[in-house]
Amino acid sequence: MTSSSAPEAPVTAAALARAPQPRGRFITFEGIDGAGKSSQIAAVVALLRASGVAVDQTREPGGTALGERLRELLLHAPMHLETEAMLMFAARREHLAARIEPALASGRWVVCDRFSDATFAYQVGGRGLDRAKFDALERWVHPGLQPDLTLVFDLDPAVAAARVASTGVDPDRFEREQRDFFVRVREAYLERARLAPQRICVIDADRAPERISVDIERIVRERFFS
Ligand code: TMP
């Protein structure tokens, strides 16, 4: 006869090592070119590390050796709209398999500069890709996975274009697009945020970087540490 109060077997170090890790968190940054997300990404990564969190910082398109090669093509080689959308998702599939999913499964957090919201904004909103094709690719490549938090940097495309021009760096295929393209991209980001208000926070990016950092730190603390 077994007793319900029988002592449990002692927990060994080996058993602890085999115990499932809590899944890491996935945070993405989005916005039109020139919205100023890069320095804020570095600040969030530093904040998380200072809080004792193991974090991987990465970007899309890119994040793997193959993804970086695809990035070169995507940013510089002219191509059909659907080729562009599928290459974005091909790079993403590789990124998920090689880096994002293993990191999250082992408890590491992932901070990523752009993810599928960018494909929705740029290829669907900006270029007019059929939304059903986007939905099908998203369901195929990451069924059941969405970021835990997405920060969309929202900025007037005229202000963003002036910022891009002031860098003096040769513009890529996307940065060379006209103002009305970025108006559509911005609108698509805002629409996506309306569809997923729990996940996506819209940040007013037309402010001093220090003020933006304060907002982001508050959002991250409230979302994950309160
Ligand atoms: P980045 O300059 O922010 O690194 O992004 C590279 C460019 O790629 C940027 O102009 C946005 C574009 N892009 C898309 O058009 N679709 C996507 O799915 C991603 C991830 C980026």
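The values are calculated or read from the model by the stated rules, or taken from the named source; none is laboratory data. All values derive from a computational prediction rather than experimental measurement. Because the Cβ atoms are built from the backbone with ideal geometry, glycine has one as well, and the counts that use them run over all protein chains shown. Only protein heavy atoms, including side chains, enter the accessible area calculation; ligands, DNA and RNA are left aside. Shrake-Rupley method; radii C 1.70, N 1.55, O 1.52, S 1.80 Å.
Observations on the model:
- Taken together, the residues in region 121-138 that are surrounded by fewer than 16 Cβ atoms within 10 Å (Cβ to Cβ) and either touching a strand residue (DSSP E or B) at 6+ places or on another chain (Cβ under 7 Å) or under 21 Å from Pro197 (Cβ atoms) (or both) amount to 2.
Let's see how each residue does on (1) at pLDDT 95 or above; (2) out of contact with any His (no Cβ under 7 Å at 6 or more places or on another chain); (3) away from the ligand (no atom under 12 Å from the Cβ); (4) farther than 20 Å from Gly36 by Cβ:
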site: Ala90; (1), (2), (3), (4): yes, yes, no, yes
site: His95; (1), (2), (3), (4): yes, yes, no, yes
site: Gly144; (1), (2), (3), (4): no, yes, yes, yes
site: Leu149; (1), (2), (3), (4): yes, yes, yes, no
site: Val159; (1), (2), (3), (4): yes, yes, yes, no
site: Thr167; (1), (2), (3), (4): no, yes, no, no
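One line per residue, one yes/no per condition, for (1) closer than 19 Å to Arg223 by Cα; (2) out of contact with any helix residue (DSSP H, G or I) (no Cβ under 6 Å at 6 or more places or on another chain); (3) touching a residue at least 40 places away in the same chain (Cβ under 8 Å):
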residue: His76; (1), (2), (3): no, yes, yes
residue: Ala85; (1), (2), (3): no, no, yes
residue: His95; (1), (2), (3): no, no, no
residue: Leu129; (1), (2), (3): no, no, yes
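- Index of the failed condition, Pro61 passing every other in (1) within 30 Å of Glu175 (Cβ to Cβ); (2) part of a helix (DSSP H, G or I): (2)
- Screening Arg184, Arg173, Arg163, Arg194 for residues that are open to solvent by 90 Å² or more (accessible area, probe 1.4 Å) and either touching a residue at least 24 places away in the same chain (Cβ under 8 Å) or not in a helix (DSSP H, G or I) (or both) leaves exactly one candidate, Arg184.
- Residue in region 107-120 that is among the polar types (S, T, N, Q), within 24 Å of Phe153 (Cα to Cα) and crowded, with 22+ Cβ neighbours inside 10 Å present: yes
- Filter pass, Val214 being outside any helix (DSSP H, G or I), within 28 Å of Arg49 (Cβ to Cβ) and among the β-branched types (Val, Ile, Thr): no
- Residues within region 102-123 that are in contact (Cβ under 8 Å) with a residue 12 or more places away in the chain and more than 14 Å from the ligand (Cβ to nearest atom), tallied: 8
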